[in-house]
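Working notes, structure below.
The values are calculated or read from the model by the stated rules, or taken from the named source; none is laboratory data. On a predicted model such as this, the values are computed, not experimentally measured, just so you know. Heads up, the Cβs are rebuilt from the backbone with ideal geometry, glycines too, and the neighbour counts pull from every protein chain shown.
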Amino acid sequence: MAVRTPLLRFSETQGFDLFLKAECLQPVGSFKLRGAYNKIASLSDAEKRRGVIAHSSGNHAQGVAYAARAQGVRATIVVPDNIPDIKLKATRSYGADVVIVGPASADRVKKAEELEAQYGFVPVPPYDDEKIIAGQGTIGLEILEDMADVDLVLAPVSGGGLISGIASAIKQSNPRVKVIGVEPELAADAQASLHQKQRVTFPAEQVNRTIADGLRANPVGEIPFAHIMKFVDDIVTVSEDEIRESMRRILSTVRIVAEPSGAAAPAAAFFHAGELPKARKIAAVVSGGNVDPRMLAGILVIER
C-alpha cells in the first residue's frame, strides 16, 4: 500500500512559504505506487490470474512490480535500455519479469502491446488510465487536508497522470487553488500541447537528453490531456542546471533526496517565481527519489 507522505516546510522563501510533498518517501521511492496499486486492486480475480503488463521509464515499473507482488499478481514490465540501474534493480527485486527495449516511449508501448496480445496480460498503463489518474489524485487530496489554505500546487509533467490526478482532485475540491505543471525545457511537449490545445510530440532524441528520466514520456496521454485542458492553469519549464541546483537545495535544506524528475517542480519555485501566480503558500510535489548514487555524487560536486 502507498503511505501518506508529509508536507515538509522549506526554509528558504522569496515572499512565500514553500512546502515539499515528499513522494520520494513512498515504499518504492515515488508517487507511482498510488496509481499502480489502485489499478491492480480494481481488477477482477480472473484478470489478476492473467497477470499484468506495464511499460515504464523506471518509477512506474517499480510501482507496478511492488503493487502486483503485494496482491499476488504476476507482473511483466517493459523498460528502456537507458533506465537508471537503481530503478532496474529495484523492479527486479520486487519479482517482476523485465523486458528491455530501445530508449523511445514508442518502443516500450509497441513491445508491451505485443506481449499483451501474445500472453493475455492485463495492461497497467503508466498514465493514460482513469484508475491510475485517480490513484495519483490522492496526493492532491492529502495536500488540501494538510494545508487547507494552500494557494498554489506545483507538479511535474511527463505522461500527465500525476498532474491530471492532482489538478482534478484539487479543482473539484477548491477551485481557488492554482495548479501549475513543470517540465524540463528539453521535454516541454505538455506545455506546447496545452498552449496549442492539441497534443504535441517532441523529437525523442531531444527529450531523451534531459537528466529527468522520469519526465521523458512523450506525448502526454489522451485522457490526462483532457484533464489538463480542463483543470491545469499553466505549465512552465525549468533548465537542466536548475534541476540540478534544486536537487542540491532540497538535500541540504530538508534532508531528503530528490531524483531529477522529483526536483523539477520545486525548481519552478526556486527559479521561476515571477512566472507563477501570486501565492502565499506553495506546495511542490517531489515526485521521486530514485537517483543513481553516482549521478547524485556528480551533481553534489560543484566546481569552484
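Can you tell me which residue among ALA187, ALA217 is assigned by TED's automatic domain parsing to the domain that holds PHE271, over 13 Å from the mean Cα position of the chain (by Cα) and within 22 Å of ASP292 (Cβ to Cβ)? Of the residues listed, the single one that is assigned by TED's automatic domain parsing to the domain that holds PHE271, over 13 Å from the mean Cα position of the chain (by Cα) and within 22 Å of ASP292 (Cβ to Cβ) is ALA187.
For region 42-59, which positions are at pLDDT 95 or above and surrounded by 15 or more Cβ atoms within 10 Å (Cβ to Cβ)? Scanning region 42-59 gives LEU43, GLU47, LYS48, ARG50, GLY51, VAL52, ILE53, ALA54.
Note on region 10-21: residues that are free of Cβ contacts under 8 Å to residues at least 12 places away in the same chain and either basic (Lys, Arg) or touching a Phe, Trp or Tyr at 6+ places or on another chain (Cβ under 8 Å) (or both) total 0. Within region 225-234, the only residue that satisfies the criterion of being under 16 Å from VAL182 (Cβ atoms) and among the aromatic types (Phe, Trp, Tyr) is PHE231.
Looking across region 137-157, the residues that are of a type in the set (Gly, Ala, Ser) and either under 14 Å from ALA284 (Cβ atoms) or modelled with pLDDT under 95 (or both) come down to GLY140, ALA155.
Among the residues of region 229-247, is there at least one that is small (Gly, Ala, Ser), surrounded by 24 or more Cβ atoms within 10 Å (Cβ to Cβ) and farther than 19 Å from ILE132 by Cβ? Scanning region 229-247 turns up at least one residue that is small (Gly, Ala, Ser), surrounded by 24 or more Cβ atoms within 10 Å (Cβ to Cβ) and farther than 19 Å from ILE132 by Cβ. Among the residues of region 265-303, those identified as under 19 Å from the mean Cα position of the chain (by Cα) and among the small types (Gly, Ala, Ser) are ALA265, ALA267, ALA268, ALA269, ALA283, ALA284, SER287, GLY288, GLY289. Candidates in region 102-139 are the residues that are under 15 Å from SER158 (Cα atoms) and acidic (Asp, Glu); of these, the one that is nearest to the chain's Cα centre (by Cα) is ASP128. Residues that are without any contact (Cβ under 8 Å) to a residue 24 or more places away in the chain and either in the same structural domain as GLU23 (by TED's automatic domain parsing) or aliphatic (A, V, I, L, M) (or both) occur in region 109-127; there is at least one.
In this structure, is PRO260 within 12 Å of ARG244 (Cα to Cα) and touching a Phe, Trp or Tyr at 6+ places or on another chain (Cβ under 8 Å)?
Numbers: within 12 Å of ARG244 (Cα to Cα): yes; touching a Phe, Trp or Tyr at 6+ places or on another chain (Cβ under 8 Å): no.
Taking the combined requirement at face value, the residue does not satisfy it.
From the list GLU242, GLU259, GLU222, GLU275, the lone residue that is under 30 Å from ARG176 (Cβ atoms), in contact with a strand residue (DSSP E or B) (Cβ under 6 Å, 6 or more places away or on another chain) and not hydroxyl-bearing (Ser, Thr, Tyr) is GLU275. Residues that are without any contact (Cβ under 8 Å) to a residue 12 or more places away in the chain and either assigned to a strand (DSSP E or B) or closer than 14 Å to ASP233 by Cβ (or both) within region 136-175 comprise just one, PRO175.
One residue stands out in region 10-41 among those that are in contact with a helix residue (DSSP H, G or I) (Cβ under 8 Å, 6 or more places away or on another chain) and surrounded by fewer than 14 Cβ atoms within 10 Å (Cβ to Cβ): the one that is modelled with the highest pLDDT, namely GLY15. Pick from region 60-83 the residues that are surrounded by fewer than 24 Cβ atoms within 10 Å (Cβ to Cβ) and among the polar types (S, T, N, Q): which of them is nearest to GLY214 (Cα to Cα)? Looking at residues that are surrounded by fewer than 24 Cβ atoms within 10 Å (Cβ to Cβ) and among the polar types (S, T, N, Q), I get ASN82.
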